[in-house]
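Asker: The structure that follows is given in the form of structure tokens.
The values are calculated or read from the model by the stated rules, or taken from the named source; none is laboratory data. No experiment lies behind these values; they were computed from the predicted model shown. Cβ placement follows ideal geometry from the backbone for every residue including glycine, while neighbour counts extend to all protein chains displayed.
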Ligand SMILES: Nc1nc2c(c(=O)[nH]1)N[C@H]1C(S)=C(S)[C@@H](COP(=O)(O)O)O[C@H]1N2
Ligand SMILES: [Mo]
């Protein structure tokens, strides 16, 4: 996705960052605290990853009743190539103590929340995830320096997790020996969601497929090709099936994703009867998760991966 069309979501105003004075602090329960400049961070090596970033609120308005929160349709997901240093390598250089439970990532953006008052945006990763190979400290998106809205000069990028963990305008990383209970960590939980345990953290992206073509409301011919993409934060895409009206579910052909965190393209050639038709797509991932046919409601409207439906007029 070109940077100008990539979705953007910020809980507070985009902060003004003094790029010359900017440093990243790594502290807390580490043997060797560090204050790193951008060139220090770049010296940890450069890794490029094509990542599907999806807001946990994507699909919120498809829930009934619509929960409060940003009223996303299905536009809060995009893919870009991010360039950055592997987080695990930077953390290892600080020599974290054995009893670290969580690493807390804090952004420079600040705002007022209830009941805490003025706080910075902060989110955490458990030590296992933080020290795993996936997450990167990214300074580039699609080969260009990060823009202010997307977190310049440096952001965390956590592939497979919903977007809230990918902290923008990163200013500090703090190692702690307990679970982080900051405002946003507590906010991104499943409350009243029948398939998650009560209070479970929102984490991995739930499996989802989108029909890219035809678009909703389009006039199309009887012989047509249906195309889309599917992704999951819990493994690869195992299958995508398509249903027209109340017909049988038929398997689409899968393409090859461009990377482990990139979506899987799929397509299917089909003959449709003239008239108004509804087309649904449903993906299954390699962990066996399958998209629900009805939205799964929860109080904050997170992770609604209901099967995507488009209505078309044929002939
Ligand atoms: N510092 C900071 N990082 C943040 C946020 C924020 O409000 N402040 N929002 C998060 C959320 S909810 C999402 S979905 C992604 C969106 O990233 P983008 O704006 O680059 O698409 O950033 C995450 N990182
Ligand atoms: Mo989000």
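To keep it simple, each residue is scored yes or no on (1) touching a strand residue (DSSP E or B) at 6+ places or on another chain (Cβ under 8 Å); (2) surrounded by fewer than 17 Cβ atoms within 10 Å (Cβ to Cβ).
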residue: 213; (1), (2): yes, yes
residue: 235; (1), (2): yes, yes
residue: 242; (1), (2): yes, no
residue: 246; (1), (2): no, yes
residue: 273; (1), (2): yes, yes
residue: 282; (1), (2): yes, no
residue: 309; (1), (2): yes, yes
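Asker: Okay, next question. Among residues belonging to the stretch 152-176 that are within 15 Å of the chain's Cα centre (by Cα) and part of a loop (DSSP other than H, G, I, E, B), point out the one that is farthest from residue 83 (Cα to Cα).
Answerer: So the residue we want is 162.
Asker: Select from the stretch 186-200 the residues that are in contact with a helix residue (DSSP H, G or I) (Cβ under 9 Å, 6 or more places away or on another chain) and crowded, with 19+ Cβ neighbours inside 10 Å and list them in ascending order.
Answerer: Selection gives 188 alone.
Asker: Here is a further query. Is one or more of the residues making up the stretch 184-198 assigned to a loop (DSSP other than H, G, I, E, B) and either in contact with a strand residue (DSSP E or B) (Cβ under 6 Å, 6 or more places away or on another chain) or farther than 24 Å from residue 60 by Cβ (or both)?
Answerer: no
Asker: Would you check if there is a residue in the stretch 22-43 being away from ligand 2 (no atom under 16 Å from the Cβ), assigned to a strand (DSSP E or B) and exposed (fewer than 14 other Cβ atoms within 10 Å of the Cβ)?
Answerer: yes
Asker: Out of 86, 65, I need the residue that is away from ligand 1 (no atom under 11 Å from the Cβ), over 28 Å from residue 17 (Cα atoms) and surrounded by fewer than 21 Cβ atoms within 10 Å (Cβ to Cβ). Which one?
Answerer: Sole residue among the options that is away from ligand 1 (no atom under 11 Å from the Cβ), over 28 Å from residue 17 (Cα atoms) and surrounded by fewer than 21 Cβ atoms within 10 Å (Cβ to Cβ): 65.
Asker: Condition first: outside the structural domain of residue 303 (by TED's automatic domain parsing), in contact with a helix residue (DSSP H, G or I) (Cβ under 8 Å, 6 or more places away or on another chain), more than 29 Å from residue 178 (Cα to Cα) and within 15 Å of ligand 2 (Cβ to nearest atom). Can you find one or more residues in the stretch 78-87 that meet it?
Answerer: Yes - at least one qualifying residue is present in the stretch 78-87.
Asker: On the given criteria, is residue 124 more than 12 Å from ligand 1 (Cβ to nearest atom), under 19 Å from the mean Cα position of the chain (by Cα) and without any contact (Cβ under 8 Å) to a residue 60 or more places away in the chain?
Answerer: no
Asker: It is to be established whether one or more residues within the stretch 175-191 are more than 16 Å from ligand 2 (Cβ to nearest atom) and more than 29 Å from residue 32 (Cβ to Cβ).
Answerer: Yes: one or more hits.
Asker: Separate question: So how many residues does the stretch 44-70 have that are in contact with a helix residue (DSSP H, G or I) (Cβ under 8 Å, 6 or more places away or on another chain), under 26 Å from residue 146 (Cβ atoms) and within 14 Å of ligand 2 (Cβ to nearest atom)?
Answerer: 6
Asker: Tell me, which residue of the stretch 135-151 that is more than 16 Å from ligand 2 (Cβ to nearest atom) and surrounded by 19 or more Cβ atoms within 10 Å (Cβ to Cβ) is nearest to residue 17 (Cα to Cα)?
Answerer: Taking the candidates together, the pick is 146.
Asker: Can you find a residue in the stretch 48-62 that is within 11 Å of ligand 1 (Cβ to nearest atom), under 17 Å from the mean Cα position of the chain (by Cα) and at positive phi?
Answerer: Checking the stretch 48-62: not a single residue is within 11 Å of ligand 1 (Cβ to nearest atom), under 17 Å from the mean Cα position of the chain (by Cα) and at positive phi.
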